[in-house]
Amino acid sequence: MARIYSWTEDEDEVALDAITVGIRSDTRILTVAGLQFGQRDAVIYWPEWQGKGSLIPAAMEGPMPVPSALERAELLCAQHGFKRVVVWLQHHELWDERWGQLAPEQGL
């Protein structure tokens with residue numbers, strides 16, 4: 001069964017209970033220039049969190065390949081007691097369904 005992720009394209013929307021995987025690409029700029037499809041990469045970030053008996057400081061990791069970021073986010077979520085993994089997309093077309101499914105409606 002594919003994982004279903006809450007998601008947003010709003011860079012100001014933050015889930016305070018989640019590890020966020022941000023996915024971006026230079027695809028649109030390259031396409032306008034008539035060049036090949038750009039590479040998608042991801043960063044992982046999370047807010048300060050009181051998890052499993054200790055304060056976890058806010059932090060960011062990456063960039064890294066998207067599958068690696070999703071896997072790392074799941075690991076960090078379990079390790080620090082975050083409630084979920086969510087996805088921020090620079091634009092919706094960047095999502096690849098091999099990574100899982102996005103919730104039908106945008107919003108964290």
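Odds and ends about this structure:
- Any hit, region 50-69, residues being among the polar types (S, T, N, Q), at pLDDT below 95, farther than 22 Å from residue 105 by Cα and assigned to a helix (DSSP H, G or I): no
- Those residues of region 84-98 which are modelled with pLDDT of 95 or more and either more than 14 Å from residue 47 (Cβ to Cβ) or over 12 Å from the mean Cα position of the chain (by Cα) (or both), in sequence order: 87, 89
- When we screen 41, 10 for residues that are modelled with pLDDT of 95 or more, closer than 16 Å to residue 95 by Cβ and either under 12 Å from the mean Cα position of the chain (by Cα) or assigned to a loop (DSSP other than H, G, I, E, B) (or both), the only hit is 10.
The values are calculated or read from the model by the stated rules, or taken from the named source; none is laboratory data. Just so you know, these numbers come straight off a predicted model, no measurement behind them. Counting neighbours? That spans all protein chains shown, and the Cβs are built from the backbone with ideal geometry, glycine included.
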